[in-house]
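The values are calculated or read from the model by the stated rules, or taken from the named source; none is laboratory data. All values derive from a computational prediction rather than experimental measurement. Here Cβ is always computed from backbone atoms with ideal geometry, including for glycine, and neighbour counts include all displayed protein chains. Accessible surface areas use protein heavy atoms only, side chains included; no ligands, DNA or RNA. Shrake-Rupley method; radii C 1.70, N 1.55, O 1.52, S 1.80 Å.
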Amino acid sequence: MARRWTGSLKDRDVTDESLWLSRRQLMGGAAAGLALTTLPGGARAQGLEPNRWEEITSYNNYYEFGTGKEDPKAYADALTTKPWTVTMAGMVDRPGDYAFEDIMAKMTVEERIYRFRCVEAWSMVVPWNGFELADLLDLAGVQSGAKYVAFETAYRPDEMRGVAYPVLDWPYVEGLRLDEAMHPLTIMATGIYGRDIPNQNGAPLRLVVPWKYGFKSIKSVVRITLTDTEPPTSWNKANAREYGFYSNVNPEVDHPRWSQATERPIGGGFFAKRESTLMFNGYADEVASLYAGMDLSKFF
Ligand SMILES: Nc1nc2c(c(=O)[nH]1)N[C@H]1C(S)=C(S)[C@@H](COP(=O)(O)O)O[C@H]1N2
Ligand SMILES: [Mo]
């Protein structure tokens with residue numbers, strides 16, 4: 001089953017589609033605090049065929065709960081997500097602890113159907129609900145000297161069975177250049193298919209940067225720091241030769257150990273064909289200008 005953008009609406013899985021549509025009607029937009037709006041430019045949601053809820057929530061990477069694809073679903077429920085605060089720090093006018101509910105009261109939640117491409121060369125299409133990161137950064141007030149945004153995941157040894165193992169240098173950290181962070185495609189996701197985002201997908205809020213490899217999209221964020229220097233990132237610290245700071249999806253720059261030219265769409269079935277990976281994961285029209293003049297094989 002092709003999951004590639006074709007420019008037109010295609011048949012979706014009937015069960016998922018009818019459930020999803022009825023949920024949309026049930027929630028009635030405002031009642032659920034959900035504004036269903038369209039996306040800027042060519043990033044319109046139509047035409048992308050979302051994966052099923054079951055696929056999106058049972059095949060995950062969240063190493064704090066184990067390195068197996070099924071570990072996050074099995075073990076992430078141990079994470080306490082209420083109450084939750086996000087600390088906004090560094091070069092901001094209004095630093096401090098922001099309660100998740102207070103953030104949500106101020107944000108506009110939209111539906112964003114995005115391609116999701118893991119560096120391991122599998123992919124999905126996810127109907128996220130979330131708000132633009134730029135709006136959250138505006139809430140804290142970004143100061144003029146800031147150039148980068150650093151993110152940190154919760155570190156809870158009592159709740160995260162995987163952090164007992166030194167697979168990564170915990171807590172999981174990530175970073176973006178400020179212009180990447182402020183781009184309208186960059187969101188903090190708080191839901192999937194109109195439901196609260198499940199713990200295995202990064203509850204209660206996780207970054208989603210659709211033109212970058214999945215590991216940039218850090219889960220269960222507790223701290224956001226504005227800085228003037230490029231922040232360290234977990235996978236770069238683990239193996240700088242294989243994982244760069246930028247990690248833009250690029251079919252022309254292979255991982256040292258495998259090709260990035262094609263990908264395996266999850267849910268396509270055993271005989272599913274691999275599909276061509278698109279430059280910037282299909283978002284080149286929106287984001288290529290951010291990297292004008294940069295050698296993308298050097299800044300990988
Ligand atoms: N804190 C944290 N965030 C994380 C990860 C992780 O192990 N820990 N894995 C990353 C990787 S490699 C991918 S592909 C995506 C997977 O997101 P998903 O499980 O919602 O598909 O989350 C990213 N964010
Ligand atoms: Mo990944």
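What the table shows:
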read-out	value
Gain in span if fully extended, His255 to Asp77, counting 0.36 nm per residue against the direct Cα distance	60.8 nm
Options Val109, Asn199, Ile266, ranked by Cα towards positive dipole end of the stretch 11-291, top entry (Cβ charges)	Ile266
Distant-in-sequence amide H partners of Ile187 (H built 1.01 Å from N, under 5 Å)	Leu133, Val208
Per residue accessible area in Å² of the stretch 11-291, where ligands, DNA and RNA are left out and the probe is 1.4 Å	42 Å²
DSSP-assigned coil residues among GluC sites (Glu not before Pro) in the stretch 64-105, each with at most 14 further Cβ atoms within 10 Å	Glu70
Portion, in percent, of the accessible area of the stretch 150-300 that falls on carbon or sulfur, probe 1.4 Å	52 percent
Global form of the stretch 67-190, assessed from the alpha-carbon gyration tensor, a/c cut-off 1.5	prolate
Three-way shape call for the stretch 11-291 based on the alpha-carbon gyration tensor, with the a/c threshold at 1.5	rounded
Set of lysines near Lys69 by C-alpha distance (under 16 Å), chain-local residues within fewer than 8 positions excluded	Lys219
Inter-label distance for Arg161 and Ser58, nm, one decimal - labels placed 7 Å from Cα along Cα-to-Cβ	1.8 nm
Added length on full extension, which subtracts the Cα-Cα distance from 0.36 nm per residue, Met104 to Glu230	42.5 nm
Label-point separation in nm, Glu120 to Ser276, each point 7 Å along Cα→Cβ	2.6 nm
With DNA, RNA and ligands ignored, accessible area of Glu286 (1.4 Å probe; Å², nearest 10)	30 Å²
Label point distance in nm, Thr87-Ser289, each placed 7 Å from Cα along Cα→Cβ	3.7 nm
